[in-house]
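The structure appears right after this line, and notes come after that.
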Ligand code: ADP
Ligand code: ADP
């Protein structure tokens, strides 16, 4: 799924204050790219991710996803794209503590209405893809940070999305676990998935083939390697 942004703005109103979180972002990301978005705190990275992930709508500008203008889609249509085409990974893993790894990963398939045997089979397969086939029945607090993030990646993958978005996925991990997570993203990209990664760590961004730098809500540099 190709991504085409043209002059995207996002304005937040806080009382009588107006925040231009995105101030005209024009950007194309082709299907299958591995892109890192870098920038200082407050530069608009999360706002951009929320718009790219159809979690939020821009104030103005055009966003075409796979050729289709996102502004013309209903909230229900956006929810379908979000749930079926895009996987999300966050800094804090966002796992449910009382559920096993397998149950956490199977959860999106409950919402998708899949039968139980299919849910468990697909969840086990996703956990195997991230090297956790020996941890299916562990709860999050029985897993290391790196393992928890791998559970979260498996959950993001279980619907077989074409785009994977990760917001500071290594922010709570030590260097070794962070590198392992990045190797997983590298492999998922090699298999053809589009990866969009937000990070402020140059060593983490270095795993990507393209690094987009944003500052004050604008793209200031776009490097391909
Ligand atoms: P980053 O992810 O690079 O730290 P953000 O996208 O979170 O940047 O924020 C960009 C700017 O928008 C900041 O000035 C931030 O304070 C502001 N902002 C982000 N979200 C909101 C919101 N929901 N309401 C008001 N202002 C916001
Ligand atoms: P893996 O070989 O799957 O990468 P690790 O090397 O990360 O596993 O961890 C080795 C073992 O220590 C595993 O059994 C893991 O569950 C356990 N472990 C690691 N960190 C923690 C933790 N914070 N709490 C409980 N168990 C942990």
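The values are calculated or read from the model by the stated rules, or taken from the named source; none is laboratory data. These numbers come from a predicted model, not from an experiment. As a convention, Cβ positions derive from the backbone with ideal geometry for all residues, glycine included, and neighbour counts pool all protein chains shown.
Exactly one of these conditions fails for residue 65: (1) out of contact with any helix residue (DSSP H, G or I) (no Cβ under 8 Å at 6 or more places or on another chain); (2) modelled with pLDDT of 95 or more. Give me its number.
Residue 65 satisfies every listed condition except (1).
Yes or no: residue 145 over 20 Å from the mean Cα position of the chain (by Cα) and closer than 23 Å to residue 36 by Cβ? Outline the logic, then answer.
Numbers: over 20 Å from the mean Cα position of the chain (by Cα): no; closer than 23 Å to residue 36 by Cβ: yes.
For residue 145, the condition - over 20 Å from the mean Cα position of the chain (by Cα) and closer than 23 Å to residue 36 by Cβ - is not met.
What are the pairs, 6+ residues apart or on separate chains, where a residue within region 189-210 that is without any contact (Cβ under 8 Å) to a residue 12 or more places away in the chain and on the phi > 0 side of the Ramachandran plot has its Cβ under 6 Å from a residue that is surrounded by fewer than 20 Cβ atoms within 10 Å (Cβ to Cβ) and assigned to a strand (DSSP E or B)?
none
If residue 64 satisfies all but one of (1) more than 12 Å from ligand 1 (Cβ to nearest atom); (2) closer than 30 Å to residue 147 by Cβ; (3) touching a residue at least 60 places away in the same chain (Cβ under 8 Å), what's the number of the condition it fails?
(2)
Enumerate the helices (runs of 4 or more DSSP H) found wholly within region 125-210, keeping only those where 3 or more residues are within 30 Å of residue 66 (Cβ to Cβ) and within 16 Å of ligand 2 (Cβ to nearest atom).
Hits in region 125-210: 145-157, 175-190.
Matching residues to (1) within 22 Å of residue 104 (Cα to Cα); (2) more than 16 Å from ligand 1 (Cβ to nearest atom):
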{"site": "144", "(1), (2)": "yes, yes"}
{"site": "159", "(1), (2)": "yes, yes"}
{"site": "164", "(1), (2)": "yes, yes"}
{"site": "173", "(1), (2)": "yes, yes"}
{"site": "176", "(1), (2)": "no, yes"}
{"site": "181", "(1), (2)": "yes, yes"}
{"site": "187", "(1), (2)": "no, yes"}
{"site": "191", "(1), (2)": "no, yes"}
{"site": "198", "(1), (2)": "no, no"}
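Considering only region 9-17, I want to know if a residue exists there that is surrounded by 13 or more Cβ atoms within 10 Å (Cβ to Cβ) and under 30 Å from residue 225 (Cα atoms). So that I can check it myself, show each step before the final result.
At the first step, the residues of region 9-17 found to be surrounded by 13 or more Cβ atoms within 10 Å (Cβ to Cβ) are 9-11.
Subsequent filtering for residues that are under 30 Å from residue 225 (Cα atoms) retains 9-10.
So far as region 9-17 goes, yes, one or more of its residues are surrounded by 13 or more Cβ atoms within 10 Å (Cβ to Cβ) and under 30 Å from residue 225 (Cα atoms).
In the list 167, 222, 203, which residue meets the criterion of being farther than 26 Å from residue 100 by Cβ and in contact with a strand residue (DSSP E or B) (Cβ under 7 Å, 6 or more places away or on another chain)?
Numbers: 167 fails: farther than 26 Å from residue 100 by Cβ; 203 fails: in contact with a strand residue (DSSP E or B) (Cβ under 7 Å, 6 or more places away or on another chain).
Sole residue among the options that is farther than 26 Å from residue 100 by Cβ and in contact with a strand residue (DSSP E or B) (Cβ under 7 Å, 6 or more places away or on another chain): 222.
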